Ligand SMILES: Cc1ncc(COP(=O)(O)O)c(C=O)c1O
């Protein structure tokens with residue numbers, strides 16, 4: 001029951017009195033084995049939800065960190081099928097952590113929405129965020145997902161005004177991803193007080209958990225965002241750690257650094273203080 | 001599906017030309033393109049807007065551009081009469097300014113003070129920088145680092161005009177990467193920035209409004225042809241990068257079913273080599289830069305870099321209306337290699353005393369065959385959409401001449 005894996009994760013975080021930690025990494029950066037070990041390090045150290053990036057040559061919503069991660073992954077030959085195979089391998093030992101595939105429309109479109117939906121469901125994927133399929137264009141995806149209960153996770157942004165939030169909420173499932181800044185991944189720093197009204201509007205109108213992401217890199221920032229949301233997404237900070245393999249760091253060192261950052265972020269997400 | 005007499009009805013309310021086009025952008029940009037569409041609808045109904053365009057077209061751009069009978073080329077090929085629509089005589093040397101004026105006027109209606117643009121050959125960048133200088137607007141042009149190197153004169157021109165040039169290193173440093181970077185800038189600066197797209201592609205309403213602004217080419221050509229020959233041409237021809245000069249010429253003829261619409265894509269070293277820019281002849285439908293259209297892509301849906309001798313045609317996609325016109329059979333799309341374009345460039349220069357840009361040289365390279373096939377009682381109009389001054393350095397290089 002894929003969608004319920006997502007709601008179970010948010011329910012659990014809520015009952016623990018904390019915001020969920022949603023972590024993003026690029027599949028296949030710099031190789032699939034590293035990604036596999038990183039995924040396990042993430043969940044073992046407190047990540048509640050995993051977003052698995054699928055590489056694309058033209059990632060128009062991503063900043064330099066994730067652009068380069070995608071290029072490293074593509075250089076290693078990673079395909080959409082490989083990303084699904086990685087998900088499947090992860091699922092062999094983990095049946096609880098939601099896996100969200102995040103990427104761009106073209107590779108999915110070329111595979112065919114129906115073929116992709118079947119393969120994603122089979123791989124244990126729980127939902128997708130396809131950045132360039134806004135509500136106006138994601139109907140074919142929603143139809144293809146219907147038999148599988150795969151979640152269509154949509155983006156809301158600071159430019160999504162109240163009236164448009166209804167369009168975004170209508171047909172969305174799983175959770176909403178509130179993009180905390182106008183900009184690309186990893187660039188600007190979000191300010192909690194600026195986005196709190198937008199996040200509340202997203203929560204109220206969609207009735208879904210709302211996660212905040214883009215530009216959150218430290219435990220301090222995560223704590224600030226946790227106070228106003230159901231989940232905090234961290235991507236570029238993990239991707240930056242993984243990029244250090246290019247400078248000669250070993251896989252073990254990378255995995256350990258990822259684990260450490262995950263613990264730091266996770267400990268910051270407790271809403272009822274604890275760490276203040 | 002019978003599409004006759006409906007050629008002119010596209011795009012539909014969702015920005016689709018049949019199954020092509022659409023609005024494939026990140027949510028941050030959706031409200032912006034919806035606003036743009038609203039503003040464009042208002043401008044279309046506003047006689048003041050049209051009057052301002054007409055005035056600038058006439059006195060600033062130099063329109064109407066002549067329709068010229070290319071007598072010696074016609075004799076050379078010995079087939080149909082060849083006419084050139086002389087859009088290379090426009091201010092800034094290409095058709096690009098037709099569209100820039102329209103978009104910048106729209107931007108000003110919307111109260112935007114900062115204009116961004118992508119450019120490949122630099123022609124759209126120069127046109128945008130020119131119009132921004134004319135209206136005192138800030139202009140930022142994204143250009144692939146590779147193109148900054150091979151289009152130095154245009155880079156300097158843009159700087160003289162006061163534009164900031166941002167060399168784009170990401171991806172492979174060509175036009176598609178410049179477009180990605182412009183989109184990234186746009187999502188970052190949503191409040192004050194207007195994205196002036198240089199071809200009939202991108203998310204709805206861009207393909208429609210770029211087509212409409214460029215359709216001045218076809219409207220004038222039609223009127224001039226009726227005046228000159230008392231009848232419509234039998235074919236109209238144009239080169240295809242993203243397809244703006246071609247759609248501008250084609251569109252006013254699209255309902256005239258007796259007029260063949262012929263586009264020419266750049267096939268670089270040859271479609272079979274994989275080193276080309278012929279999205280319709282060597283690509284598959286996909287989604288990039290806001291629209292569903294034909295794209296150069298691999299089996300995993302990754303975009304393949306285009307290759308063409310002409311930086312203005314070096315793009316792995318094509319405007320969605322061309323994808324539609326192709327699939328529905330209304331228009332035909334031929335190809336031309338780098339070498340053929342170089343030959344045609346020289347032929348036109350020698351026979352007509354007109355140095356064409358490398359882009360329209362691609363259409364020129366196919367015109368002989370089309371003309372011969374048609375016979376002397378028939379007429380072709382080709383869009384000579386740019387002049388070759390910008391290309392003389394690279395042509396010299398390709399011909400092995402040390403300047
Ligand atoms: C002279 C000229 N022709 C054609 C093109 C290709 O664009 P389009 O297909 O949009 O007309 C360019 C682009 O830079 C150009 O400079």
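Some values worked out for this structure:
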| quantity | calculated |
| --- | --- |
| Qualifying residue in the stretch B:64-71 (condition: without any contact (Cβ under 8 Å) to a residue 60 or more places away in the chain and assigned to a helix (DSSP H, G or I)) | yes |
| Options A:132, A:122, A:126; residue that is more than 14 Å from chain B (Cβ to nearest Cβ) and surrounded by 23 or more Cβ atoms within 10 Å (Cβ to Cβ) | A:126 |
| Among residues of the stretch B:180-198, those that are within 17 Å of residue A:56 (Cβ to Cβ) and within 8 Å of chain A (Cβ to nearest Cβ), counted | 4 |
| Residue B:247, sole failed condition from (1) buried (at least 24 other Cβ atoms within 10 Å of the Cβ); (2) more than 20 Å from residue B:85 (Cα to Cα) | (2) |
| Residue in the stretch B:141-156 that is outside any loop (DSSP other than H, G, I, E, B), at pLDDT 95 or above, in contact with a strand residue (DSSP E or B) (Cβ under 7 Å, 6 or more places away or on another chain) and more than 11 Å from residue B:119 (Cβ to Cβ) present | no |
| Residue match in the stretch A:8-31 (condition: under 20 Å from residue A:250 (Cα atoms) and surrounded by fewer than 20 Cβ atoms within 10 Å (Cβ to Cβ)) | yes |
| Some residue of the stretch A:202-214 being over 17 Å from the mean Cα position of the chain (by Cα) and at the interface with chain B (Cβ under 10 Å from one of its Cβ atoms) | no |
| Options B:230, B:270; residue that is surrounded by fewer than 24 Cβ atoms within 10 Å (Cβ to Cβ), over 20 Å from the mean Cα position of the chain (by Cα) and free of Cβ contacts under 8 Å to residues at least 40 places away in the same chain | B:230 |
| Positions within the stretch B:317-350 being assigned to a loop (DSSP other than H, G, I, E, B) and either away from the ligand (no atom under 13 Å from the Cβ) or more than 16 Å from the chain's Cα centre (by Cα) (or both), in sequence order | B:328, B:329, B:330 |
| Candidate set from the stretch B:94-127 (those that are assigned to a helix (DSSP H, G or I) and away from the ligand (no atom under 15 Å from the Cβ)); member that is surrounded by the fewest Cβ atoms within 10 Å (Cβ to Cβ) | B:108 |
| Among residues of the stretch A:57-93, those that are at the interface with another protein chain (Cβ under 8 Å from one of its Cβ atoms) and either in contact with a helix residue (DSSP H, G or I) (Cβ under 6 Å, 6 or more places away or on another chain) or at positive phi (or both), counted | 4 |
| Filter pass, residue A:57 being more than 16 Å from the chain's Cα centre (by Cα) and buried (at least 19 other Cβ atoms within 10 Å of the Cβ) | yes |
| Per-region count, the stretch B:180-196, residues touching a helix residue (DSSP H, G or I) at 6+ places or on another chain (Cβ under 7 Å) and part of a loop (DSSP other than H, G, I, E, B) | 2 |
| The stretch B:312-335 residues that are at positive phi, paired with ones that are more than 14 Å from the ligand (Cβ to nearest atom) (beta carbon under 9 Å, 6 or more apart) | B:329/B:3 |
| Number of the exception - residue B:382 against (1) closer than 16 Å to residue B:241 by Cβ; (2) out of contact with any helix residue (DSSP H, G or I) (no Cβ under 8 Å at 6 or more places or on another chain); (3) not in a helix (DSSP H, G or I) | (2) |
| Top-ranked residue in the stretch B:230-249 [being in contact with a helix residue (DSSP H, G or I) (Cβ under 9 Å, 6 or more places away or on another chain) and farther than 20 Å from residue B:94 by Cα; ranked as farthest from the ligand (Cβ to nearest atom)] | B:231 |
| Residue in the stretch B:355-371 that is farthest from the other protein chains (Cβ to nearest Cβ), counting only those that are farther than 13 Å from residue B:313 by Cβ and more than 13 Å from the ligand (Cβ to nearest atom) | B:371 |
| Residue that is nearest to the other protein chains (Cβ to nearest Cβ) [pool: residues in the stretch B:143-152 that are within 21 Å of residue B:386 (Cα to Cα) and away from the ligand (no atom under 13 Å from the Cβ)] | B:148 |
| Test: residue B:305 is away from the ligand (no atom under 15 Å from the Cβ) and either within 14 Å of chain A (Cβ to nearest Cβ) or surrounded by 24 or more Cβ atoms within 10 Å (Cβ to Cβ) (or both) | yes |
| Per-region count, the stretch B:8-28, residues more than 8 Å from chain A (Cβ to nearest Cβ) and touching a helix residue (DSSP H, G or I) at 6+ places or on another chain (Cβ under 6 Å) | 5 |
| Which numbered condition residue B:218 fails, given (1) within 16 Å of the ligand (Cβ to nearest atom); (2) modelled with pLDDT of 95 or more; (3) touching a strand residue (DSSP E or B) at 6+ places or on another chain (Cβ under 7 Å) | (3) |
| Check on residue B:283, within 26 Å of residue A:137 (Cβ to Cβ), within 12 Å of another protein chain (Cβ to nearest Cβ) and within 16 Å of the ligand (Cβ to nearest atom) | yes |
| The listed residue being farther than 19 Å from residue A:93 by Cβ, part of a loop (DSSP other than H, G, I, E, B) and touching a residue at least 60 places away in the same chain (Cβ under 8 Å), out of A:69, A:61, A:47 | A:61 |
| Flag if residue A:29 is touching a residue at least 40 places away in the same chain (Cβ under 8 Å) and within 14 Å of chain B (Cβ to nearest Cβ) | no |
| Within the stretch B:78-93, considering residues that are more than 12 Å from the ligand (Cβ to nearest atom) and part of a loop (DSSP other than H, G, I, E, B), the one nearest to the other protein chains (Cβ to nearest Cβ) | B:91 |
| Residue check, residue B:169 more than 16 Å from the ligand (Cβ to nearest atom), more than 18 Å from the chain's Cα centre (by Cα), within 14 Å of another protein chain (Cβ to nearest Cβ) and surrounded by fewer than 24 Cβ atoms within 10 Å (Cβ to Cβ) | yes |
| Output for the stretch A:150-195, where each listed residue is part of a helix (DSSP H, G or I) and over 17 Å from residue A:20 (Cα atoms) | A:162, A:163, A:164, A:165, A:166, A:167, A:168, A:169, A:193, A:194, A:195 |
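Rundown of residues vs (1) within 14 Å of another protein chain (Cβ to nearest Cβ); (2) part of a strand (DSSP E or B); (3) within 16 Å of the ligand (Cβ to nearest atom), yes/no style:
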residue	(1), (2), (3)
B:228	no, no, no
B:251	no, no, yes
B:256	no, no, no
B:293	yes, yes, yes
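The values are calculated or read from the model by the stated rules, or taken from the named source; none is laboratory data. As the structure is a prediction and not an experimental result, all values here were calculated from the model. We place every Cβ from the backbone using ideal geometry, glycine too, and count neighbours over all the protein chains shown.
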